[in-house]
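First comes the structure, then the notes that go with it.
The values are calculated or read from the model by the stated rules, or taken from the named source; none is laboratory data. Remember, it's a predicted structure, so these values are computed and weren't measured experimentally. In this analysis, Cβ positions are derived from the backbone assuming ideal geometry, glycine residues included, and neighbour counts consider all displayed protein chains. Please note that ligands, DNA and RNA were not included when accessible areas were found on the heavy atoms of the full protein model with its side chains. Shrake-Rupley method; radii C 1.70, N 1.55, O 1.52, S 1.80 Å.
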Amino acid sequence: MIDNKQLMGFAIAARHMAYAPYSGYRVGAALITEDDQLFTGSNVENASYGATCCAERTAVFKAVSEGHLKLKTIAISGGKGDELNMAFPCGICRQVLREFCDPKKLKVLVGTSSEDYKEYSLQELLPESFGPEALE
Ligand code: THU
């Protein structure tokens, strides 16, 4: 079983694969699904800037496209160049995460190392959210 510290480590490692020649802001994400599978992702930028995909969505889409639709925990690390800051997920990524979890249960880890991170629920980061239940 991968613990929170290890998951932060995977997020930091995934950041090495960031393709960020335009912003220089490199992000890595690592997530665990409810069925205990690990998926990682990095941001992938594009010369047509709007075509960029964030690290969190890269990881989520990898999981979902392989049949793992329930997310348990996601760890995120990011920053400009070699520097790591508290890299909070953007609004679009928060909404994408919302689709594949119970927001009270999904843990979001944001940090700069395996020792230095904070844990949030998606509920805290995206209160009063809109989700699939609304369309039932
Ligand atoms: N980025 C992410 O990967 N995740 C976020 O939640 C925020 C932003 C990326 C997108 C772009 O490649 C760069 O950071 C600057 O916005």
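Measuring gaps between exposed loop sites in the chain (chymotrypsin sites (Phe, Trp or Tyr not before Pro); DSSP loop; at most 16 other Cβ atoms within 10 Å), the longest gap, sites not included, is 23-129.
Which one, P21, P103, P89, has the greatest fluctuation when you compute a Gaussian network model over the chain with C-alpha springs under 10 angstrom? Top of the fluctuation ranking is P21. Among A63, A11, A20, which one moves the most in a GNM of the chain with springs linking Cα atoms closer than 10 Å? Result for the chain, Cα springs under 10 Å: A20 fluctuates most. Among the protein heavy atoms of the chain, carbon and sulfur supply 54% of the accessible surface, probe 1.4 Å, non-protein parts ignored. Here's the list of aspartates and glutamates a cross-link from K105 could span, going by alpha-carbon distance under 20 Å and ignoring same-chain residues fewer than 8 apart: D3, E34, D35, D36, E56, E119, E124, E128, E133. Ligands, DNA and RNA are left out, and with a 1.4 angstrom probe the accessible area of the chain is 53 Å² per residue. For the chain, the antiparallel share of DSSP beta bridges with both residues in that region comes to about 80%.
Considering only L31, L84, L71, the Gaussian network model of the chain with Cα springs below 10 Å gives its largest mean-square fluctuation to L84.
Take the alpha-carbon centre of segment 25-76, take the same for segment 102-136, and report the distance between them in whole Å. About 14 Å separates the Cα centre of segment 25-76 from the one of segment 102-136.
Work out, in µm²/s and without decimals, the Stokes-Einstein translational diffusion coefficient of segment 4-128 at 37 °C, 0.692 mPa s, Rh from Kirkwood over C-alpha pairs. So the translational diffusion coefficient is about 235 µm²/s.
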